[in-house]
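Written below as structure tokens is the structure these notes are about.
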Amino acid sequence: MKATTLRPLALGVAALAVTVLLFGRAQAGDDDYYAPVTDARTLQECASCHIAFPPSMLPAASWKRMMGGLDQHFGDDASLDAETTAAITRYLVDHAGDAPGQASKLLRGLRAADAPLRITELPKWVREHDEVPRSDWTRKDVGSKANCAACHIDAEKGYFEDD
Ligand code: HEC
Ligand code: HEC
């Protein structure tokens with residue numbers, strides 16, 4: 001008798017806990033949350049060869065530099081027409097890790113004059129991954145450090161927790 005009256009309450013509490021957890025997870029400012037790309041054009045043009053990297057993972061200067069050299073993009077020609085290039089650049093710069101109101105943890109330790117083209121070469125990224133065993137990087141399903149989603153299953157949703 002006691003158990004049956006308690007169960008619905010327990011379920012309710014569990015559901016509430018899950019709701020709180022999910023809601024809590026969706027808050028920007030979590031250490032491992034980097035708001036994903038929401039701009040349609042950026043998603044269309046920058047997510048075919050790899051995930052659309054969150055714009056807050058690089059400073060504005062990096063995005064400008066990268067978007068200025070899309071014809072030689074890590075060995076690929078990723079060039080776009082001038083109008084699309086300008087629109088995507090604007091989106092990335094507006095949401096860059098050093099844009100007003102942003103405080104991207106990944107940019108810690110980066111000097112203001114630096115404009116790296118790789119997230120995977122940021123001092124903070126390197127530090128976050130220095131305990132990842134060598135055998136993980138050489139796994140067949142990983143292939144490259146830039147293949148974030150191989151290890152961070154929710155990378156495309158902006159979550160980069162340890163999983
Ligand atoms: C034609 C394929 C292609 C397209 C389209 C493309 N990229 Fe890339 N991108 C690459 C390759 C290849 C690399 C290197 C990946 C590696 O090292 O494994 C790369 C790497 C990157 C990196 C660095 C990843 C790291 O190592 O930290 C960023 C940032 C990036 N791309 C952003 C963009 C943006 C922004 C766009 C859209 C304007 C874009 N890419 C479109 C092929 C592409
Ligand atoms: C081979 C697997 C692997 C790949 C590929 C990988 N990571 Fe990670 N990443 C990890 C692991 C494991 C940790 C946790 C390390 C620890 O806690 O010691 C981590 C930690 C992180 C963190 C810190 C999370 C936190 O809790 O603050 C960020 C951010 C991150 N990774 C981003 C990236 C990005 C961006 C890429 C792709 C450019 C990437 N990672 C590629 C395995 C990987």
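Scanning the stretch 60-83 for residues that are out of contact with any Asp or Glu (no Cβ under 9 Å at 6 or more places or on another chain), away from ligand 2 (no atom under 16 Å from the Cβ) and not acidic (Asp, Glu) yields Lys64, Arg65, Met67, Gly68, Gly69, Gln72, Gly75, Ala82.
The residue that is farthest from ligand 1 (Cβ to nearest atom), counting only those in the stretch 28-47 that are assigned to a helix (DSSP H, G or I) and in contact with a helix residue (DSSP H, G or I) (Cβ under 8 Å, 6 or more places away or on another chain), is Arg41.
How about the stretch 48-73: which of its residues are assigned to a loop (DSSP other than H, G, I, E, B), open to solvent by 30 Å² or more (accessible area, probe 1.4 Å) and in contact (Cβ under 8 Å) with a residue 24 or more places away in the chain? Matches in the stretch 48-73: Cys49, His50, Phe53.
Considering only residues in the stretch 142-157 that are open to solvent by 90 Å² or more (accessible area, probe 1.4 Å) and either more than 11 Å from ligand 1 (Cβ to nearest atom) or assigned to a helix (DSSP H, G or I) (or both), the one that is farthest from Ala52 (Cα to Cα) turns out to be Ile153. Based on this model, can you work out whether Arg127 counts as open to solvent by 30 Å² or more (accessible area, probe 1.4 Å), closer than 23 Å to Glu161 by Cβ, basic (Lys, Arg) and not in a loop (DSSP other than H, G, I, E, B)? Taking the combined requirement at face value, the residue satisfies it. Applying the criterion of being of a type in the set (D, E, K, R) and in a loop (DSSP other than H, G, I, E, B) to the residues of the stretch 94-120, the residue that is farthest from ligand 2 (Cβ to nearest atom) is Arg111. Condition test on Ala86, is it more than 22 Å from Ala40 (Cα to Cα), among the aliphatic types (A, V, I, L, M) and either more than 8 Å from ligand 2 (Cβ to nearest atom) or in a loop (DSSP other than H, G, I, E, B) (or both)? So Ala86 does not fit the description; no. Hey, does the stretch 112-119 have a residue that's on the phi > 0 side of the Ramachandran plot and assigned by TED's automatic domain parsing to the domain that holds Leu43? Within the stretch 112-119, not a single residue is on the phi > 0 side of the Ramachandran plot and assigned by TED's automatic domain parsing to the domain that holds Leu43.
The values are calculated or read from the model by the stated rules, or taken from the named source; none is laboratory data. Since the structure is predicted, the reported quantities are computational estimates derived from the model, not experimental observations. Every residue, glycine as well, gets a Cβ built from its backbone with ideal geometry; the counts of neighbours run over all protein chains shown. Surface areas here come from the heavy atoms of the whole protein model, side chains and all, with no ligands, DNA or RNA. Shrake-Rupley method; radii C 1.70, N 1.55, O 1.52, S 1.80 Å.
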